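Some notes on the structure that comes next.
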Amino acid sequence: TGQRNSRERKNRKRKITFMDTRSPIEIRALRYLAQREYSRRELEQKLAANRDSLATETLTAVLDKLEQQGFLSEQRMVEQVARTRRSRFGSQRIVHELKTKGIDGHLIDGILPALKETELEAALNIWRKKFDHPPATREERGKQTRFMMNRGFSMETIQQVLSHASEE
């Protein structure tokens, strides 16, 4: 146990010296990024809310440094959001979420073809999970249509899903 304790102390010292080279704002940013991917705007807002009289230039410099080192990547963030939201939402809602997170249009345009490719399959899976039978009345059809629209699917996709469901 004596060797283990001395090893643990050495490891702690290494961590401390590693952490000492980074500013407190950078350490906080890395902690956030360790939990999930953030867009630059999201991370900037999160850090700005907690900062203690930190200059905007300092925050910008830290974010630039994190991007250069590969810790902050909007491309990874877009891919993660698309992957995690795909099983529950349509492409319109995913695109809207990405826009609210401050993602550039060219990154959204890059992921859109992949979203459109799996749109019908995702819509069918979501519909099957929620509804086990095709709509029998106009009210049921309206309810199912509104549900799918709130999930971010286009009217064209919803019509395809409902017609596919009535064929089964």
| request: Please work out the C-alpha center-to-center distance from segment 18-47 to segment 83-159 and express it in whole Å. | output: 32 Å
| said: Suppose all protein chains stay in the model; what accessible area per residue would a 1.4 Å probe give for segment 56-102, in Å²? | reply: 53 Å²
| Computed P(r) (all Cα pairs; segment 69-168; 10 Å bins; percent) | 15, 45, 25, 12, 3, 0
| Efficiency of FRET between Thr58 and Arg88 - r from beta-carbon atoms, R0 30 angstrom, step 0.05 | 0.20
| request: Quote to one decimal, in nm, the extra length available between Thr100 and Ser166 on full extension: 0.36 nm per residue of separation minus the C-alpha distance between them. | output: 20.1 nm
| field | Label-reachable residues, segment 61-80, where backbone N falls under 18 Å from a point 7 Å from Leu30's Cα toward its Cβ | value | 61-73
| field | Per residue value of the accessible surface for segment 108-168 (all protein chains in place, 1.4 Å probe), Å² | value | 65 Å²
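The values are calculated or read from the model by the stated rules, or taken from the named source; none is laboratory data. These figures come from a predicted structure and were not determined experimentally. Positions of Cβ are backbone-derived with ideal geometry, glycine not excepted, and every protein chain shown enters the neighbour counts. Side chains included, ligands, DNA and RNA excluded: accessible areas come from the protein's heavy atoms. Shrake-Rupley method; radii C 1.70, N 1.55, O 1.52, S 1.80 Å.
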